[in-house]
Structures are given as structure tokens and as C-alpha cells.
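Right, one structure below, let's go through it.
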Amino acid sequence: MKKPRRASLPLFGAVVLAAAVVSSPARAQTLSSASDQSFTVGDPATPIAVATVTDDAVTATITAANDLRIRVPAGFPMTWDATDVTPTIGGTAASKVSATVSYEDSDQTLVLDVITDFAPGDDLTIGDLSFAGFTAAASASNLELEVANDGLVSATDDKTVTVTPPSVDLAVVKTVDNAAPDALDTIVYTISLTNAGPDDATTTTVNDLLPAGVTFVSATATQGSYDDVTGIWTVGTVTTTAADTLAITATVDAGTEGNAIDNTASVGGSDGVDSNATNDSSTASLTVNTPPPSVDLAVVKTVDNATPDALDTIVYTIALTNAGPDDATTTTVNDLLPPA
């Protein structure tokens, strides 16, 4: 069972205790993992390297009056996997501790009950447990050992733990279903987001604010949500196994005839380190059709002598008018004179 940590003392007693701690000799226990350990943000629960606790070679200080605690340093983005409670215990002190462990401090601290005092130089190996909860990148740090139920660090691990950002390759491809729409037409932009890995990309966002000339109607995403005001698609975790897509429906604004409209989508952010930035954005382009002019051409043809004699000269007159409303351009009229 876990032993209670020392209770708080009155002010005077606390001062005396602090003085005793400062003047006492350094504790001689050691904590050593089998190797440095590196994890990646988003990793599942991952086995630990075997940890070895060794008591002082001359004067044993690990006793049944206290528990052994191995702590993840404060602020380090990792926890013990609290589903693992039965470690593999070895070493000369294997029979002097409980067969199971417990956790405290929101699973930041492993607690192992000491049931028999250690002898000088006793060692204890702890394996087949796991770390979990790798929520952010963190530089190298060291696990901490506590042996006296007093909250003080007796020793730090001579190996390190590190959490690295995931390595990802996010790629964006953007298309539009009609590259030559008319004004007031409905169009659909589609964004495809993939991740070539090797790790999953977490907390991923894509920026795609619709440009002037088109008006947002609706959006449908296979994952996450799209905010048409900010233009941010909050995707979340992008795995390496399938593409995520966002379809944005919009209308082409009136008065845009003849305009070219470009719409660019780009990766906004991710917890990962992207190995290839060249495929992080994509542009879909369209040009709004210019409708032909609206005209009303009319032809009136007359002749100045409807009953001429042979060899008379006559004059044909062709009158061409346009009732509009637009001007008629590149206009031709056909009038091949008939045979005599």
C-alpha cells in the first residue's frame, strides 16, 4: 500500500526541516534507464526502456516506511500509461517491492510500494510499462526518483526522454467544377488534403478564404468544419491512409463577366514538421464568360425602278438598322445580285 507523504509542519518546524535538508549529505540512490527514449507527438502508448533503481552502496536508504516514486518532470507533455499496473520486476530487491504499481498526479508519477528495507547496493529493475499522452514536442529531460515520500528528488535518470514533432508531408490540391461559368452560376470548389507521412499530422488547418467575385453558399467536409468568415478549415488529425476533402459551393457574382478569379487553398498549420512545403498550396482558376451582345438587326432593301426597260440603270438600296440594346460588331450582309 502507498505510504502517506509527510504532513506539513508548523512554520517553526518547517524552518528546522529545511535547514536539515540543506545540511544533510546528498542522497546516493541512482536511477538509470536502459537507453535514451524518444517519442513522437500523437504516438500511442509506447513501452519504456527498462529503468534501474540502485540504493546507496554503503548505507541503504530505501525502506518499507516509504514508497518509490518515478516522476515524469513537471510540464513535460507525457504521462505513464495507467492501464499498465503489472510491471516486470527484477534485480536483487525484486522481492522487496509490490508486484503491482499505481499512479498519481494525473498519471505523471508511478508509485511502487516498498515492503522490505533494501540492503546497501540493492538494485531494482522495472520494465514492461508504457508512457502515453504525447501531446506536444519537448526537448530532452530526465525522469525523477523520489524515495522518502517528501516530494524531494532523490536522483534523476542518467538517460533522457524527448518528444519530437511528427514528420509529415501534407499536400493540397484544389479544383473547380466549372472553369468557364456564367455570372450567377453555381460552382463547387473541392479541396483534397493528403498526408504522405510518415507520421499522422495533428491539429491541422487549411486556409481558403473565397476571393472577391464569388459568394459562399455552403460547405461539406469529410472531417472537421469550415468557417466561411475566416476561411479556415479546421481538419484535426490527418492520417496517412486516406484523403480528407472539403467541398465549397458558391455562386458567381453578377457583374463579373470577363473576370479571371483565382482561389488558393493552403496548409494553415499542423503540429508536424512538413518535409515538403512545395505542395502545401493549390490554386483553382476560372474565367467568367462574357455573354454575346444582344442586338436586333433589320434589313430593308429597295430598288429605285421596279419596271425598268432593258439596258436601264437601276439602284438597289439596302438599309441596315440595329434596335439593340447592344452594338452589333463584325456584322456582314449578304446580297448577291441575281442573274440577268
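The values are calculated or read from the model by the stated rules, or taken from the named source; none is laboratory data. Here the structure is a predicted model, which is why all the values come from computation and not from measurement. Here Cβ is always computed from backbone atoms with ideal geometry, including for glycine, and neighbour counts include all displayed protein chains. Calculation scope for accessible area: heavy atoms of the full protein, side chains included, ligands and nucleic acids excluded. Shrake-Rupley method; radii C 1.70, N 1.55, O 1.52, S 1.80 Å.
Against the conditions (1) open to solvent by less than 60 Å² (accessible area, probe 1.4 Å); (2) modelled with pLDDT under 95; (3) over 20 Å from ASP43 (Cα atoms), ALA136 satisfies every one except (3).
When the range 76-100 is filtered for residues that are open to solvent by less than 20 Å² (accessible area, probe 1.4 Å) and either acidic (Asp, Glu) or at positive phi (or both), nothing remains. The number of residues in the range 49-75 being part of a loop (DSSP other than H, G, I, E, B) and either surrounded by fewer than 19 Cβ atoms within 10 Å (Cβ to Cβ) or out of contact with any Gly (no Cβ under 7 Å at 6 or more places or on another chain) (or both) comes to 17.
Against the criterion of being closer than 22 Å to SER270 by Cβ and in contact (Cβ under 8 Å) with a residue 12 or more places away in the chain, ASP199 qualifies. Taking first residues from the range 137-154 that are among the charged types (D, E, K, R) and partners that are open to solvent by 40 Å² or more (accessible area, probe 1.4 Å), the Cβ contacts under 8 Å between residues at least 6 apart in sequence or on separate chains come to GLU144/VAL153; GLU144/THR156; GLU146/LEU152; GLU146/VAL153; ASP150/ARG5; ASP150/ARG6. Any residue in the range 218-239 that is hydroxyl-bearing (Ser, Thr, Tyr), open to solvent by 60 Å² or more (accessible area, probe 1.4 Å), in contact with an Asp or Glu (Cβ under 9 Å, 6 or more places away or on another chain) and part of a loop (DSSP other than H, G, I, E, B)? For the range 218-239, residues hydroxyl-bearing (Ser, Thr, Tyr), open to solvent by 60 Å² or more (accessible area, probe 1.4 Å), in contact with an Asp or Glu (Cβ under 9 Å, 6 or more places away or on another chain) and part of a loop (DSSP other than H, G, I, E, B): present. Exactly one residue out of ALA148, ALA180, ALA132 is of a type outside the set (D, E, K, R) and under 30 Å from THR249 (Cα atoms): that is ALA180. If you go through the range 290-340 and pick out every residue that is in contact (Cβ under 8 Å) with a residue 12 or more places away in the chain, part of a loop (DSSP other than H, G, I, E, B) and small (Gly, Ala, Ser), you end up with 4. Looking only at the range 150-184, residues that are at pLDDT 95 or above, among the charged types (D, E, K, R) and open to solvent by less than 50 Å² (accessible area, probe 1.4 Å) come to 3 in all.
Among the residues making up the range 189-217, those that are of a type in the set (A, V, I, L, M, F, W, C), over 14 Å from the mean Cα position of the chain (by Cα) and open to solvent by 40 Å² or more (accessible area, probe 1.4 Å) are LEU209, ALA212, PHE216, VAL217. Scanning the range 304-340 for residues that are open to solvent by 90 Å² or more (accessible area, probe 1.4 Å), within 29 Å of SER294 (Cβ to Cβ) and among the β-branched types (Val, Ile, Thr) gives THR329, THR330, THR332. Taking the numbered list (1) without any contact (Cβ under 8 Å) to a residue 60 or more places away in the chain; (2) part of a strand (DSSP E or B); (3) among the aliphatic types (A, V, I, L, M); (4) in contact with a Gly (Cβ under 7 Å, 6 or more places away or on another chain) in turn, LEU246 passes all entries but (4). Applying a threshold of 9 Å to beta carbon distances and a minimum spacing of six or more residues, or different chains, the list of pairs starting in the range 264-278 at a residue that is closer than 17 Å to THR40 by Cα and part of a strand (DSSP E or B) and ending at one that is among the aliphatic types (A, V, I, L, M) and open to solvent by less than 50 Å² (accessible area, probe 1.4 Å) reads VAL273/VAL168; ASP274/VAL168; ASP274/LEU170; ASP274/ALA201; ASP274/VAL267. So, of the residues in the range 324-338 that are hydrophobic (A, V, I, L, M, F, W, C) and modelled with pLDDT under 90, which turns out to be nearest to GLU257 (Cα to Cα)? Here the residue is ALA328. Across the range 30-48, the number of residues qualifying as closer than 20 Å to ASP199 by Cβ and either outside any loop (DSSP other than H, G, I, E, B) or in contact with a strand residue (DSSP E or B) (Cβ under 7 Å, 6 or more places away or on another chain) (or both) comes to 9.
Residues that are under 33 Å from the mean Cα position of the chain (by Cα) and open to solvent by 10 Å² or more (accessible area, probe 1.4 Å) within the range 114-133 comprise ASP128, SER130, ALA132, GLY133, listed in sequence order.
Checking each residue in the range 278-297 for being surrounded by fewer than 11 Cβ atoms within 10 Å (Cβ to Cβ) and at pLDDT 95 or above picks out only THR278.
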